[in-house]
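One structure is given below, encoded as structure tokens.
The values are calculated or read from the model by the stated rules, or taken from the named source; none is laboratory data. This one's a predicted model, so the numbers in the text were calculated from it and none came from an experiment. Every residue, glycine among them, receives a Cβ derived from its backbone with ideal geometry; neighbour counts consider all protein chains shown.
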Amino acid sequence: MENNKSKNDTSIFKIIGGIFTAAFMWGSGNVLSRSLLIEGVGEIFLITTRVSIIGTLLLIHYSIFNKDKFNKKLLKEASTTALASIFFVGWFFIFSLQYISSGLVTLLISSAPVFTILWLKILLKDEKISKQKYISIFIGLLGVSYLFISKETGLENQGNILLGGSLAFMGVQCIALATVLNRKYAPKYKVSSWLTYQYPIVIFLSLIVFITTGTEVETLNSSQIFRVGVLAFFNLGAFTSFTWLIQRVSALQVASVDYLVPVVGVTAGVLFLDETFNSNILVAGIFIFISLIMNTKEEFST
């Protein structure tokens, strides 16, 4: 009863704060990842190190502050969701960053609400979807489609939008599915418990990939170690904010995060990685912002 009351009493300011926190940390995370890849840090080493750090921190926190008994059902539901929300998302996006800019990866994330609707129809049949939401998402998809048509990579005369864009697109599919799965299962559990139970399967599978591919442990300099630490912190903060949101608002309202992530990613990529900001990205961005305004206006008015 108290849990339901806290959800109902959540203010719009807290919801907006959670959305912006998740968007900032996810958008910045892609920029940090690409800065490390540019310097030669391997994708498999980077992602395995990142999930291991996050999973260890969550386990330590859970062991100290949570006295609940082992929950087999929670482990099953959290692991299923984690495959989409953490494992496959991470691998698709980290490899896409070799072919397109971090800003473009975050911009492509804006298409997630399109597929969120498809998964909502399949898994959460009781979720209401208005005509205005369909229109707003269609407009956002037009902006993403324009990037493929214009062959924009966000890199100066480099990259491959078909390869990098397709990898990112698969990551977007995982985000959409994960949004619905989190909406279906996460509200039953504490945020810290849900996140902690998600990581064992992610760490296990990542280590299998690390070992079977013969990846070696890399030596990082102080700057790279710092960025890996910040990356882990940002990922943990983004997932915490996202899970907190998904327990309190609709799946489509949480998808607003996917519209804001590009703003952070494109801006940070231009400022810190010398990525391109041109008319193609601007046109796509305009469509996305129009879609964002239409979507959030209806959500928050209700």
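Every listed requirement among (1) of a type outside the set (Val, Ile, Thr); (2) buried (at least 18 other Cβ atoms within 10 Å of the Cβ); (3) within 18 Å of the chain's Cα centre (by Cα) is met by Phe20 save one, (2). Among all positions in the stretch 98-109, there is no residue which is modelled with pLDDT under 90, among the polar types (S, T, N, Q), closer than 18 Å to Ile246 by Cα and assigned to a helix (DSSP H, G or I).
Between a residue in the stretch 275-289 that is more than 14 Å from Ile149 (Cα to Cα) and any residue that is outside any helix (DSSP H, G or I), which pairs come within a Cβ distance under 6 Å, given they are 6 or more apart or on different chains? Matching pairs, first to second residue: Glu275/Ser101; Glu275/Gly154; Thr276/Gly154; Thr276/Glu156.
Within the stretch 46-78, if we keep just the residues that are within 15 Å of Leu195 (Cβ to Cβ) and outside any helix (DSSP H, G or I), the residue that is modelled with the highest pLDDT turns out to be Asn71. Tyr185 meets each of the listed conditions (1) surrounded by fewer than 24 Cβ atoms within 10 Å (Cβ to Cβ); (2) modelled with pLDDT under 85 apart from (2).
Among residues of the stretch 139-153 that are farther than 15 Å from Ile288 by Cα, those with a Cβ under 6 angstrom from a residue that is among the polar types (S, T, N, Q), sequence gap 6+ or separate chain, pair up as Ser150/Asn280; Glu152/Asn280.
Of the residues contained in the stretch 222-233, none is found to be among the β-branched types (Val, Ile, Thr), closer than 24 Å to Asn66 by Cβ and out of contact with any Phe, Trp or Tyr (no Cβ under 9 Å at 6 or more places or on another chain).
Residues in the stretch 25-45 that are outside any helix (DSSP H, G or I) and either under 15 Å from Val230 (Cβ atoms) or touching a residue at least 12 places away in the same chain (Cβ under 8 Å) (or both): 3 in all. From the list Ile246, Ile288, the lone residue that is over 25 Å from Tyr189 (Cα atoms) and either modelled with pLDDT of 70 or more or under 17 Å from the mean Cα position of the chain (by Cα) (or both) is Ile288. When Val209, Val180, Val172, Val202 are screened for being part of a helix (DSSP H, G or I), out of contact with any Leu (no Cβ under 9 Å at 6 or more places or on another chain) and either surrounded by 23 or more Cβ atoms within 10 Å (Cβ to Cβ) or at pLDDT 90 or above (or both), only Val209 passes. The C-beta contact set for the stretch 112-125 (first residue within 14 Å of Ala84 (Cβ to Cβ), second residue at pLDDT 75 or above and polar (S, T, N, Q), distance under 8 angstrom, 6+ apart or interchain) comprises Ala112/Thr179; Phe115/Gln173; Thr116/Thr179; Trp119/Thr179.
When Thr81 is tested against (1) over 30 Å from Thr267 (Cα atoms); (2) surrounded by fewer than 18 Cβ atoms within 10 Å (Cβ to Cβ); (3) at pLDDT 85 or above; (4) not hydrophobic (A, V, I, L, M, F, W, C), just one condition goes unmet, and that condition is (2).
For the stretch 162-172, the condition holds for no residue, the condition being that it is within 15 Å of Ile288 (Cβ to Cβ), over 20 Å from the mean Cα position of the chain (by Cα) and among the β-branched types (Val, Ile, Thr).
Residues in the stretch 143-157 that are assigned to a helix (DSSP H, G or I), surrounded by 20 or more Cβ atoms within 10 Å (Cβ to Cβ) and among the small types (Gly, Ala, Ser): Gly143 alone.
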